[in-house]
Amino acid sequence: MADNPTEKSSSEAAEKAAPAADAAVKTDAPAADAPKSDDRRGGGRGGRGGRRERPPRQAPPKPMTDDGKELHEKVVFINRCAKVVKGGRRFSFSALMVSGDKEGRVGIGFGKAQEVIECIRKGSDDAKRSLQSVKLVNGTIPHEVQAEHGGGVVLLKPACPGTGIIAGGGVRAVCEAVGITDVLGKSLGSNNHANVVKATVKALSQLRTREQVLASRGKQVKESL
C-alpha cells in the first residue's frame with residue numbers, strides 16, 4: 001500500500017516544530033540559580049525590610065581599683081522583700097557583695113534596688129569604696145584570731161600550705177577575695193550572712209605580723225633569733 005503524502009508532510013512538520021518549542025520553553029523558564037524575591041523580607045514593595053544583623057555582645061568591663069588592679073567580686077546573699085499594695089505585690093531586692101584584689105585588700109558592700117542587677121551594681125560600688133588592707137604571710141594568716149559582730153562570731157586559724165580554705169558561706173567568700181589560700185575557719189555564732197561577713201573582716205583587720213609585734217615591744221627582729 002502506498003504511503004500517504006499528506007501524513008508524511010504533517011509528521012515532518014511536527015518534527016521540525018518540536019525543537020523550536022523546547023527552546024521556547026527553556027527560554028521562558030526562570031533560571032534555577034536565580035534568587036527568589038521574598039516580599040515579607042523586603043523583596044517587594046511594602047515589605048518590613050531585611051533581617052538586621054545584631055552587633056556582637058560585649059562583656060561588661062571588669063571592676064578595677066584606683067591603682068589599676070582587677071577586683072574579684074562575689075555575691076554572698078540576695079534577699080527579696082515583698083510589699084503588699086492595692087494592685088498586688090511590689091518586690092525589692094538587696095545584695096551582699098564581697099570584693100577583693102587577692103593581694104591583701106578586701107571590702108564588703110550592701111545594695112538595695114527594685115531590680116537584681118541594679119542592687120548588685122550598688123553593692124559592688126559600695127564594696128569598692130570600703131577596701132581595707134589585711135596582713136598575710138605566705139598565703140595564710142600570721143596567727144589565730146577571733147572576732148564578733150552582732151550575733152556573728154568567727155574563728156580563724158592559720159594552716160600549712162596545701163590545706164586550702166576550710167570554711168564556708170561568707171567566711172570563704174572573704175578569704176578568697178583577700179587572697180588567702182590556706183586557712184581554717186569556723187562560724188561560732190549566728191548564721192546571719194551580714195554578721196558573719198562583717199565578723200570575718202573584723203577578724204582579718206586585727207591581724208599583726210611578727211615584725212609589728214616586735215616593733216611594738218621595742219625589739220628588733222635580730223634580737224628574737
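The values are calculated or read from the model by the stated rules, or taken from the named source; none is laboratory data. Since we're looking at a predicted model, the values are computed, not measured. Because the Cβ atoms are built from the backbone with ideal geometry, glycine has one as well, and the counts that use them run over all protein chains shown.
Here is how the numbers come out for the structure above:
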{"read-out": "Filter result for the condition that a residue is surrounded by 15 or more Cβ atoms within 10 Å (Cβ to Cβ) and touching a Pro at 6+ places or on another chain (Cβ under 9 Å), over Lys128, Lys198, Lys122", "value": "Lys128"}
{"read-out": "Number of positions in the stretch 120-155 that are of a type outside the set (Ser, Thr, Tyr), part of a strand (DSSP E or B) and more than 19 Å from Glu70 (Cα to Cα)", "value": "10"}
{"read-out": "Pick from the stretch 156-187, criterion outside any helix (DSSP H, G or I) and touching a residue at least 40 places away in the same chain (Cβ under 8 Å), ranking: nearest to Ala127 (Cα to Cα)", "value": "Gly179"}
{"read-out": "Some residue of the stretch 135-157 being in contact with a Lys or Arg (Cβ under 9 Å, 6 or more places away or on another chain), surrounded by 15 or more Cβ atoms within 10 Å (Cβ to Cβ) and basic (Lys, Arg)", "value": "yes"}
{"read-out": "Some residue of the stretch 48-62 being touching a strand residue (DSSP E or B) at 6+ places or on another chain (Cβ under 9 Å) and either closer than 30 Å to Ser205 by Cα or modelled with pLDDT of 90 or more (or both)", "value": "yes"}
{"read-out": "Members of the stretch 73-119 found to be of a type in the set (Lys, Arg) and not in a strand (DSSP E or B), listed by number", "value": "Lys86, Lys102"}
